[in-house]
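Worksheet: the structure to be examined is printed underneath.
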Amino acid sequence: METKSEALFERAQKVIPGGVNSPVRAFRSVGRHPLFIERAEGQYIYDADGNRYTDYVGSWGPMILGHKAPVVQEAVLKALEGGLSFGAPTEREVLIAELITQHVPGVEMIRMVNSGTEAVMSAVRAARGFTGRSKIIKFEGCYHGHSDGMLVKAGSGVMTAGIPDSLGVPGGCAADTLTAVYNDLDSVEQLFQQHRGDVAAVILEPVAANMGVVLPKEGFLQKLRNMCDTNGALLIFDEVITGFRLAFGGAQEYFGVQADLVTYGKIIGGGMPVGAYGGRREIMETVAPLGGVYQAGTLSGNPVAMAAGLAQLRFLLDNPQVYGQIEQSCAYLVEGLQKAAAEAEVPLTVHQIGSLACLFFTGSPVDDYGSAKSSDTKRFARYFNAMLTRGHYFAPSQFEAIFLGYAHTKEDLDRTIQDARGVMKTI
Ligand code: PMP
């Protein structure tokens, strides 16, 4: 019999491209229909057919405290009573900006936007406006949202779909994006040499979490910092995933390397559509109305979204034990999964940092886009499907992260590991 999810997906495909409002949700690379989700609570999500799953996606990152965290829920309900949108400044915007600038290294000013895409697009514009230069160096397999210039050799859904560069991006836009190889400083140095005096910024995910999870090699981030300084370019950390997740101060705090500009999304909005970019005061002062870099938003700083973000960030600040716990949970989970794979003689390369992890279905080391792509995506799909039918909801692509949250319990993780022991033997 057809499930409700299948029926909804059939209807959706007639009126929404691919039936989804963001490509990876379509589950194409794992060869099945997506689940339509009805509700979520803590570490669990429930589909339209009433099935419960342990959620290791967490809405792709925002739900670090789990779904419907009481502090966030209460703040949102309270904000709702005051009205949905004013298009005028509010106290919550000041509070969230103060909180972030006080606790995140190097972020002296911050501007709220509505998504990670917008945050990156705006930060890149500010970098160009500030330096008067046009070229941006990005890394193959890093995803920075879907603005034109950032869709060159991108990760995430672009990589999953096997689309190297998007249609619809004018050659002129792509020409200003230079691509380097993650973890390969020589590839960056070469671009600096070839485009001397033209590079406005180097942008990267300090932990690349959109080609699976690829870790920066020892010294990579610091050396990039130095290279940018030598060449008069800005360093932009895209912390849409890592921000407030690796530590409250994100990768900057975790690795002790400071960027000039930082972009945020996901956790900063507590599950509401929020992004932000911030950094050195003199750069942020080039943004309108102070400076000539234009950027605006009807719904930016939305009161309900700010309430959600502020509540989640305050909880994280007041409960620093969250970071230790989610890191431990994540390590425990991947250790169990790794053992399960070893018992079944399934070659696996496992990466974990903080509450982010990835199982690459390959026996070879993974430290860039090329090596990530050597993973056996068919085997991943078999693993994914078998785990899903047993109630464990992982991201439906080899090239996405596992997100652990504060709501996951040891019992949840043990159940997942136990099921993986059976599944690994069948894939
Ligand atoms: N940067 C990074 C590192 C991301 O992971 C994402 C989304 N996964 C984005 C930017 C884009 O954010 P959004 O989907 O909110 O536009």
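The values are calculated or read from the model by the stated rules, or taken from the named source; none is laboratory data. The structure displayed is predicted, hence computed values, not measured ones. Cβ sites come from the backbone with ideal geometry, for glycine too, and all protein chains shown count toward neighbours. In case anyone asks, the SASA skips ligands and DNA or RNA and just uses the protein heavy atoms, side chains included. Shrake-Rupley method; radii C 1.70, N 1.55, O 1.52, S 1.80 Å.
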* To do: Could you check what % of the DSSP bridge pairs in the stretch 101-258 are antiparallel, to the nearest 5?
  => 15 percent
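Starting from 0.36 nm per residue, how many nanometres of slack lie between LEU290 and SER85 once their C-alpha separation is accounted for?
Value of the extension gain: 71.4 nm.
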* Structure fact -> With GLY66 itself left out, Lys, Arg at +1 and Asp, Glu at -1 over residues whose Cβ is under 9 Å from its Cβ give -1
* Structure fact -> Normalised per residue, the volume inside the convex hull of the alpha-carbon atoms of the chain in Å³ amounts to 138 Å³
* What are the principal axis extents of the Cα atoms in the stretch 1-124, in Å, biggest first? -> 55, 35, 30
* Structure fact -> Sorting LYS217, LYS135 on solvent-accessible surface, 1.4 Å probe, most exposed first, gives LYS217, LYS135
* Work out the charge dipole of the stretch 274-403 with +1 on the Cβ of Lys and Arg and -1 on the Cβ of Asp and Glu about the Cα centre, then indicate which of LEU388, ILE326, ALA308 is farthest towards its positive end. => LEU388
* Asked: Looking at the stretch 326-418, which GluC sites (Glu not before Pro) are DSSP coil and have at most 14 other C-beta atoms within 10 Å of their C-beta?
  -> GLU345
* Once exposed loop chymotrypsin sites (Phe, Trp or Tyr not before Pro) are cut out (DSSP; at most 14 other Cβ, 10 Å), longest piece of the chain -> 87-293
* To do: Using a Förster distance of 35 angstrom, determine the FRET efficiency expected from the C-beta separation of GLN73 and ASP414, and round it to 0.05.
  => 0.80
* Structure fact -> Where a ≥ b ≥ c are root eigenvalues of the Cα gyration tensor, a/c under 1.5 meaning rounded, otherwise prolate if a/b exceeds b/c and oblate otherwise, the stretch 143-206 counts as oblate
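Expressed as a whole percentage, what fraction of the accessible surface of the chain belongs to carbon and sulfur atoms when a 1.4 Å probe is rolled over the protein heavy atoms?
Reported share for carbon and sulfur atoms: 51 percent.
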* If you take every DSSP beta bridge whose two residues both sit in the chain, what share of them, in percent to the nearest 5, is antiparallel? -> 60 percent
* **Unsatisfied cross-links (Cα-Cα over 22 Å) in the set LYS138/LYS378; LYS4/LYS425; LYS138/LYS223; LYS138/LYS217; LYS135/LYS223; LYS266/LYS378** => LYS138/LYS378; LYS4/LYS425; LYS266/LYS378
* Using only alpha carbon positions, build the gyration tensor of the stretch 14-60, then give the equivalent ellipsoid semi-axes as the square roots of 5 times its eigenvalues, largest first, whole angstrom. => 20, 12, 10
* Structure fact -> Among HIS144, MET109, PRO170, the residue whose Cα sits farthest towards the positive end of the charge dipole of the chain, when +1 is placed on the Cβ of each Lys and Arg and -1 on the Cβ of each Asp and Glu, is PRO170
* What net charge is computed for the residues neighbouring ILE241, neighbours being all others with C-beta under 12 Å from the C-beta of ILE241, Lys and Arg scored +1, Asp and Glu -1? -> -2
* Asked: Which length gain, in nm to one decimal place, applies between GLU10 and ASN319 when the Cα-Cα distance is subtracted from 0.36 nm times their residue separation?
  -> 106.9 nm
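Hey, what's the chain come to in accessible area per residue, 1.4 Å probe, Å²?
41 Å²
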* **Long-range amide H partners of GLY270 with built H, under 5 Å** => none
* If you average the sequence gap of Cα pairs under 8 Å that are 6 or more apart and divide by the length of the chain, what percent do you get for the contact order? -> 22 percent
* **Overall dimensions of the stretch 369-427 by Cα: Rg and Dmax, Å** => 12.4, 36
* Hey, got the dipole for the chain? About the Cα centre, +1 on K and R Cβ, -1 on D and E Cβ, debye to the nearest 20? -> 620 debye
